[in-house]
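In what follows, a single structure is set out as structure tokens and then discussed.
The values are calculated or read from the model by the stated rules, or taken from the named source; none is laboratory data. Worth saying up front: this structure is predicted, and the values here are computed from it rather than measured. Neighbour counts run over all protein chains shown; Cβ positions are idealised from the backbone, glycine included. For accessibility, only protein heavy atoms count, side chains too; no ligands or nucleic acids. Shrake-Rupley method; radii C 1.70, N 1.55, O 1.52, S 1.80 Å.
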Amino acid sequence: MKPAPDLRELVRYAKKARSRAHAPFSHFKVGAALRTRSGEVVTGCNIENATYGLTLCAERTAVFKAISEGFKSFDAVAVVVDAKRLAAPCGACRQILWEFCGDIWVELQNLEGQSKTLRLIELLPMPFDRRNL
């Protein structure tokens, strides 16, 4: 396996996206930045809804924006939160990331500078995908 790439720039994009989060209920703001294989970056933030069930996570926002703009090949995502503990993507986001991005690099970081870099397969070891259909 290749060593992890330098994802500091991607984290900067995710931090900026986090500042645009709409989280009036949980106050848990998340930013994500998804990088295409050709180097473009598409960002997303969480957008809460009073019903909670219709809330959209930052990671899915970034993926859906990227797909809607015609991007199809990705190599990394950064996720930034303001919490003492690093926050990995939720189960729904892991599934969407796997389906549209495959086994990409995932950089988790908080505003205190703690970070962890891993592959998506480490977060979703038995993915459900087209091979199951």
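Miscellaneous remarks
- Exclusive hit being modelled with pLDDT under 95 and over 21 Å from Lys116 (Cα atoms), set Thr61, Thr55, Thr51: Thr51
- The single condition among (1) at pLDDT 95 or above; (2) under 22 Å from Asp6 (Cα atoms) that Asn46 does not satisfy is (2).
- Among the residues of the range 105-122, not a single one is surrounded by fewer than 17 Cβ atoms within 10 Å (Cβ to Cβ), out of contact with any strand residue (DSSP E or B) (no Cβ under 7 Å at 6 or more places or on another chain) and farther than 18 Å from Leu7 by Cβ.
- Looking across the range 15-42, the residues that are open to solvent by 20 Å² or more (accessible area, probe 1.4 Å) and part of a strand (DSSP E or B) come down to His22, Arg35, Val41.
- Qualifying residue in the range 81-103 (condition: assigned to a strand (DSSP E or B) and either open to solvent by 20 Å² or more (accessible area, probe 1.4 Å) or of a type in the set (Asp, Glu) (or both)): no
- Candidate set: the range 104-133, residues that are assigned to a helix (DSSP H, G or I) and out of contact with any Asp or Glu (no Cβ under 6 Å at 6 or more places or on another chain); chosen: the one nearest to Ala32 (Cα to Cα): Leu123
- In the range 69-86, of all residues being of a type outside the set (Val, Ile, Thr) and closer than 15 Å to Ala33 by Cβ, the one that is nearest to the chain's Cα centre (by Cα) corresponds to Ala78.
Residue-by-condition table, conditions (1) more than 17 Å from Cys101 (Cβ to Cβ); (2) aliphatic (A, V, I, L, M); (3) under 12 Å from the mean Cα position of the chain (by Cα):
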position: Pro3; (1), (2), (3): yes, no, no
position: Arg12; (1), (2), (3): yes, no, no
position: Lys15; (1), (2), (3): yes, no, yes
position: Gly39; (1), (2), (3): no, no, no
position: Val42; (1), (2), (3): no, yes, yes
position: Ile47; (1), (2), (3): yes, yes, no
position: Ala50; (1), (2), (3): yes, yes, no
position: Cys57; (1), (2), (3): no, no, yes
position: Arg60; (1), (2), (3): no, no, yes
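- Residue match in the range 3-10 (condition: modelled with pLDDT under 95, open to solvent by 90 Å² or more (accessible area, probe 1.4 Å) and within 23 Å of Pro127 (Cα to Cα)): yes
- Any hit, the range 47-66, residues being surrounded by fewer than 23 Cβ atoms within 10 Å (Cβ to Cβ), touching a Lys or Arg at 6+ places or on another chain (Cβ under 6 Å), free of Cβ contacts under 8 Å to residues at least 60 places away in the same chain and not β-branched (Val, Ile, Thr): no
- Among the residues listed as Leu54, Leu10, the single one being touching a strand residue (DSSP E or B) at 6+ places or on another chain (Cβ under 6 Å) and either of a type in the set (A, V, I, L, M, F, W, C) or in a loop (DSSP other than H, G, I, E, B) (or both): Leu10
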